[in-house]
1. At a Förster radius of 45 Å, what calculated FRET efficiency corresponds to the Cβ-Cβ distance of Arg189 and Asn107, to the nearest 0.05?
2. How far apart, in nanometres, would the label points at Arg204 and Met71 be if each is projected 7 angstrom from Cα along the Cα-to-Cβ direction?
3. Filter the trypsin sites (Lys or Arg not before Pro) in the stretch 92-133 to those in DSSP coil with at most 13 other Cβ atoms within 10 Å of their Cβ, and list the result.
4. Between Glu247 and Tyr271, what's the calculated FRET efficiency when r is the beta-carbon distance and R0 is 45 Å? Round to 0.05.
5. Rounded to the nearest 0.05, what FRET efficiency do Arg147 and Gln283 have when you use their Cβ-Cβ distance and R0 = 45 Å?
6. Using label points projected 7 Å from each Cα along Cα→Cβ, tell me how many nm separate Ile62 and Lys114, to one decimal.
7. Between Arg99 and Arg298, what is the label-point separation in nm under the 7 Å Cα-to-beta-carbon projection?
8. For the stretch 22-32, take each phi angle, set θ = phi - 60°, evaluate the Karplus expression 6.51 cos²θ - 1.76 cosθ + 1.60, and give the result in whole Hz per residue in order, putting x for glycine and proline.
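The values are calculated or read from the model by the stated rules, or taken from the named source; none is laboratory data. Only a predicted model underlies this, so the values are computations on that prediction, with no experimental measurement involved. No Cβ is skipped: glycine too gets one built from the backbone with ideal geometry, and neighbour counts run over all protein chains shown. The protein model used for the area step is the full one, side chains on, heavy atoms only, and it has no ligands, DNA or RNA in it. Shrake-Rupley method; radii C 1.70, N 1.55, O 1.52, S 1.80 Å.
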Amino acid sequence: MDREWHQTSFWMGSQLEPEYSLPCPHGRTGHGLPKGKRLLSISKRTDIPAFYLPWLLERIEIGWVDVPNPMLTRALLKIVADHVPDAYPGRPGRIAGRRKLDWAFSNAPWPEEKDAQVARLTTHVSLRSQDILGVVWWSKNYAVYLRCADRIDRYWKDIPQHFHFTINPRRDDLQWLEPDVPPLNEAIRQLQELARLARDRGRRSAGGDGLPITWRYDPLVFWYEGEEPKSSWDSEFFEQMCSVCREIGITTCVTSIVDHYKKFLRRMRIYQPGRVLREPGRQEIQQIARSMVSIARRYGITVQTCAESVEKGFADLDISAASCIDRCSLVGSSRVSAASDRRFATRTACGCHQHIDIGDYEWQECGYACIYCYANPNHRYYASKH
């Protein structure tokens, strides 16, 4: 297949088939080109709204992005290191390396036979509005998004969108869990502004029962300091946030129990030697859950859990399993697909509908240093390789 690509013919409405006009390994090989509209997740893997929105706007304008498969990144890193060494991942929050990687996909600096391999190591995602069923955003800081909302709407104005906003307690004794996130008053300001924008644009869930915004108190962390059991559950904070959500018009809170990923355990041993993680018992979880439900009901808030197994005990109470990426809520369709993560042994309780996440772990490391994060591999706070 001829590797030459003519940008003008593609963007000016050429009659060429997409696989012959897209300037990427998938377009050059015809491998893995998407069919039909997709739900986009932006992003469970990194905080794109906080750190990579300028890059995303560039890609939206271009109309597509190739996303590294997180399970196959090592092989892609080898190809990049051999042929485009300056496209290697840099510091968290920096987008120069990712831009160079995108350039490499378009300009094919590797031998032609590598194109098929790179196409298998990445997923091609169209960012054109006609190819998107809905968009689900995830962030702990929507300040940049709020400044760029009008630009995003130039491209995606009529696309259903949902926003997950994680706001956990900001007490001084809990700062080690999330040392870099915005202060609580700023997070609440952003939540209020996000709700105002949603109202101004007429955005509601497909069922019409609330704003397309979910507050996440997520995750709950449990540990020992000496012999004393501790946790990040804070009933006063929870009630404060429920009151804020009621005033704004947000009706859902999603929570979960932290998973003890290997990265998390290593970081705790190295950087928090005075604290030891623990698994909460069923009785402790149910006590917290009862408090959540009791407080939330007073403010008209529904509590849901994200990817929690039945054994944890939430199902015994008035707490349902969340579908954090919910096709029904976005577009009102009763035709839904299975949860996208159910093929992973550790995500069998995930209720999300099938989607594609456009973030990646290596080239788009999150700029925050949340110690419990499963995704962030080499944040400056945790510089030792692990």
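1. On the way: r = 42 Å, r/R0 = 0.94.
FRET efficiency, Arg189 to Asn107: 0.60.
2. So the label points at Arg204 and Met71 sit 4.0 nm apart.
3. Values: sites: Arg94, Arg98, Arg99, Lys100, Lys114, Arg120, Arg128; in loops: Arg94, Arg128.
Of the trypsin sites (Lys or Arg not before Pro), the ones in loops of the stretch 92-133 whose Cβ has at most 13 other Cβ atoms within 10 Å are Arg128.
4. Working: r = 38 Å, r/R0 = 0.84.
Working from the Cβ atoms, E equals 0.75.
5. On the way: r = 46 Å, r/R0 = 1.02.
Approximately 0.45, to the nearest 0.05.
6. 1.7 nm
7. Using points 7 Å along Cα→Cβ, the separation is 5.1 nm.
8. 6, x, 8, x, 5, x, 6, 9, x, 8, x
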